[in-house]
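Okay, structure first, notes after.
The values are calculated or read from the model by the stated rules, or taken from the named source; none is laboratory data. It should be emphasised that the depicted structure is a prediction, and the values quoted were computed from it without experimental measurement. Here the Cβ positions follow ideal geometry from the backbone for every residue, glycine too, while neighbour counts run over all protein chains shown. Ligands, DNA and RNA are excluded from the accessible area calculation, which covers all protein heavy atoms including side chains. Shrake-Rupley method; radii C 1.70, N 1.55, O 1.52, S 1.80 Å.
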Amino acid sequence: MSTIQPSDNTLWQQGQSIALDIEDLADSGDGVGRWQQRVVFVPDTAIGDRALVRLVRVKPRYARGKVLALLEPSPSRQRPPCIVADKCGGCQWQHIEYGAQLQGKRQQVVQAIERIGGLENVRVNEVLSTGESLGYRNKATYPIQRSKTKQIRVGYYQKGTHKLVNLNQCPVQDDRLDPFLAQIKQDIQKRKWYVYDEKTNKGEVRHLGLRVGRRTGEVLLTLVARSTELPGLEDQAKAWLRQYPELVGVCVNINGKRTNRIFGEKTECIAGESFLTEEFAGLRFRLGSTAFFQVNTEAAELIWQEIDRELDWNGEETAIDAYSGIGTFSLPLARRVRRVIGLEIHEDSVRQARENAQLNDLTNVEFYAGRVESLLGENSPIFQGEGKLNPNLVLLDPPRQGCDRAVLEALLRLKSDRIVYVSCKPATLARDLGILCESGVYYIDRIQPVDLFPQTAHIEAIAFLQKREQSPRLLSVGRTR
């Protein structure tokens, strides 16, 4: 196929083939090129690629393309470590050398801060990494399907589809989970359990969940099903416990709804324990089937270490941990300050956070269940009682959609000395930082990206904010770097 070099805008159309230089990486994982002053997004490319690209979806100012041929491959290209990397939708960047991945991720943060946040001259450090780009995931949740030949398949969906890529191992997950994949498929097949069909909304077994304690080696197995009415379920669960010494529990999460959500509201323990034990930041945590915990334990510890180094504790501070989950950061904070208040919308996470506090004999941390914007409101129970609550630090770790505007407005009323914002999406981080800094109350000391998700386009970032004209109360600016 010949390359077409158009001379006017009339050739900007679907099906057009162009030679394109990839100059950037988008937060979707796509490579980005520019042609006739328009942006073209192309999956499976790297900065420095020159490719023959077909335009498959065209809009007035941008298009999506598909690589027909690599004309000049980028120096940062590599052979993917996974044999199904070109099909599986789990990773986007296995074809890019890890050092180039880190550069692309830092650039994502810089561009978001400038373009979306409207903030200039913000210090964005180089990306922190554990150095391990494979074998890091402590949790995996796989869809289950039955093939046309009636064979059980477990894996990830092919990019942009609901077609399953069958897996017996995955190079980005902890390799202690690999032995379970082939065996569990065989056992489901042998038990003749009815696999869920999303088209007909019939069947029982929907997903296989595996979680491992990176420090303890304990494994928790969870089946997601429409009910626990699976023939021989208890016998099979006990057989798995006997077969795998590291397996501490088998659970079933019940999801009977016609939904894309993986987990339902209720989980039943079938055999063994309903949780595994993990060590994090020198503490012990119990993690249930559906509990949120960072999928990269070692990289999450880098986040905590950065926070701990940044703030000079004297032990008399009060801290609020908003979106506190099961206490991942609340509990390490409680060993540094006088009082920690954790805020979390999910009641089950609050219950687990309280249990984890008891497990570690921490009595100076309390958790409240509810919407963060409500719990930070002036009539919230955390502001009732003797003495005015005047936090020195607010730690934010919101979901990908970032903070509700009401949360940001509450923070501007509170005016704590420091805000530490842990974000998993640069765009919403930039939006929220723009609001906080536009007020004139806060400025950004620095932003530290941390790579929790090697081989993907996702990047975590910690923003350290300080109140302007802050009187030296309890928390200092942080150590000079």
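Residue separation of Asp348 and Lys87 scaled by 0.36 nm, minus their Cα-Cα distance, works out to 90.4 nm of gained length.
Inter-label distance, Glu114 to Thr200: 5.5 nm, where each label sits 7 Å from its Cα along the C-beta direction. When nucleic acids and ligands are ignored and a 1.4 Å probe is applied, Thr318 ends up with an accessible area of around 10 Å².
If R0 is 41 Å, the Cβ-Cβ spacing of Arg309 and Arg79 corresponds to a FRET efficiency of close to 0.65. Note on the chain: with charges restricted to the Cβ of Lys and Arg (+1) and Asp and Glu (-1), its dipole about the Cα centre is near 1700 debye. Fully extending the segment from Glu72 to Ala182, taken as 0.36 nm per residue of separation minus the present Cα-Cα distance, adds 35.7 nm.
Estimated from the Cβ-Cβ distance and a Förster radius of 41 angstrom, the FRET efficiency linking Lys266 and Gln169 is about 0.85. Stretched out straight at 0.36 nm per residue, the stretch from Arg405 to Arg215 would grow longer than its current Cα-Cα span by 64.6 nm.
In whole angstrom, note down how far apart the Cα centers of segment 155-198 and segment 38-76 are. Between the Cα centres of segment 155-198 and segment 38-76 lies a distance of 32 Å.
Checking every one of the GluC sites (Glu not before Pro) in segment 73-153 against DSSP loop status and a limit of 13 other Cβ atoms within 10 Å picks out Glu120, Glu126, Glu132. Shown here for segment 1-108: trypsin sites (Lys or Arg not before Pro) in loop regions (DSSP other than H, G, I, E, B) with at most 11 other Cβ atoms within 10 Å, namely Arg61.
Under 1.5 on a/c is rounded, so check that first for segment 28-155, then, if it is not, pick prolate when a/b is larger than b/c and oblate when it is not; a ≥ b ≥ c are the square roots of the alpha carbon gyration tensor eigenvalues. Please report the intermediate quantities before stating the final value.
Values: a/c = 1.80, a/b = 1.26, b/c = 1.42.
Oblate.
With a simple spin-label model that places each label point 7 Å from the Cα along the Cα-to-Cβ direction, the separation between Glu234 and Arg468 comes to 6.6 nm. Shown here for segment 211-288: trypsin sites (Lys or Arg not before Pro) in loop regions (DSSP other than H, G, I, E, B) with at most 10 other Cβ atoms within 10 Å, namely Arg258, Arg261. Please label the shape of segment 296-449 as rounded, prolate or oblate, based on the square roots a ≥ b ≥ c of the eigenvalues of the alpha-carbon gyration tensor (a/c under 1.5 means rounded; beyond that, a/b larger than b/c means prolate, else oblate). It comes out rounded by the Cα gyration axes. Segment 276-296 and segment 381-441 have Cα centres spaced 25 Å apart. With a simple spin-label model that places each label point 7 Å from the Cα along the Cα-to-Cβ direction, the separation between Arg242 and Tyr62 comes to 5.7 nm. Straight Cα distances below 24 angstrom link Lys163 to the lysines Lys66, Lys87, Lys139, Lys148, Lys150, Lys185, Lys190, Lys192, Lys199, Lys202, Lys257, with same-chain residues fewer than 8 positions distant left out.
Set against the labelled values (1) 36, 31, 19; (2) 37, 35, 19; (3) 51, 26, 17, semi-axes √(5λ) of the Cα gyration tensor in Å computed from this structure falls on (2).
Mind running the shape call on segment 257-384? Use the C-alpha gyration tensor, a ≥ b ≥ c as the square roots of the eigenvalues: rounded below 1.5 for a/c, prolate if a/b tops b/c, oblate otherwise.
On the way: a/c = 1.84, a/b = 1.29, b/c = 1.43.
The shape class here is oblate.
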